[in-house]
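The values are calculated or read from the model by the stated rules, or taken from the named source; none is laboratory data. As the structure is a computational prediction, the values presented were derived from the model and not from experiment. Cβ placement follows ideal geometry from the backbone for every residue including glycine, while neighbour counts extend to all protein chains displayed. Surface accessibility is based on the protein's heavy atoms, side chains included, excluding ligands, DNA and RNA. Shrake-Rupley method; radii C 1.70, N 1.55, O 1.52, S 1.80 Å.
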Amino acid sequence: MKENNVVEEKSFEFSVRIVNLYKYLTTTKQEYVMSKQLLRSATSVGANICEAQQAQSLMDFLSKMSIALKESYESDYWLRLLQRTEYLKKDEYDSIITDCRAITKLLVSIIKTTKNKNE
């Protein structure tokens, strides 16, 4: 991981939180379907950001960052659904959704800035 790469660091920490949330949901709450979907989408955010750092071209970079953005929107959906169906308490939800949305905002900004610089 590059030093001072905020989005990469935040997405990695978010993935760690999601893995721990997944363990909690499956062992304590006995919830397997939504939590597995969340695990896949949320950890994909960081994986795609990491891949983008080694992109072969600008288009490859934008493609990977766009996939990360889509996955972050999907993660937001699963978190909202888990909260609304009472698998997550409001305070648990509030804490992790804040991280998810911060990453989403960073990704939107990175994608817009990259596109604007190269027009």
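Computed values, structure above
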read-out: Per residue accessible area of the chain, 1.4 Å probe, in Å²; value: 60
read-out: Helix-only mean residue ellipticity at 222 nm for the chain, each DSSP H run of n ≥ 4 adding -39500 (n - 2.57), per residue, nearest 500; value: -29000 deg cm²/dmol
read-out: Candidates Lys23, Lys89, Lys70: whichever shows maximal mean-square fluctuation once the chain is modelled as a Gaussian network with Cα springs under 10 Å; value: Lys89
read-out: Most mobile listed residue (Glu86, Glu51, Glu13) in the chain, GNM with C-alpha springs under 10 Å; value: Glu86
read-out: Compactness relative to 2.2 N^0.38 Å, alpha carbon Rg of the stretch 1-59; value: 1.33
read-out: Percent carbon-and-sulfur accessible area, the chain, ignoring ligands, DNA and RNA, probe 1.4 Å; value: 52
read-out: Charge dipole of the chain about the Cα centre (unit charges at C-beta), most positive-ward option of Leu25, Thr43, Leu81; value: Leu81
read-out: For the chain, built as a Gaussian network whose Cα springs stay under 10 Å, the top-fluctuating residue of Ser15, Ser95, Ser41; value: Ser95
read-out: Kirkwood hydrodynamic radius of the stretch 55-119, Cα pairs, Å; value: 13.0
read-out: Nearest 10 degrees, 0 to 90: helix 58-84 Cα axis against the chain principal axis; value: 20
read-out: Interatomic Cα distance distribution for the chain, bins of 10 angstrom, percent; value: 14, 46, 27, 11, 2, 0
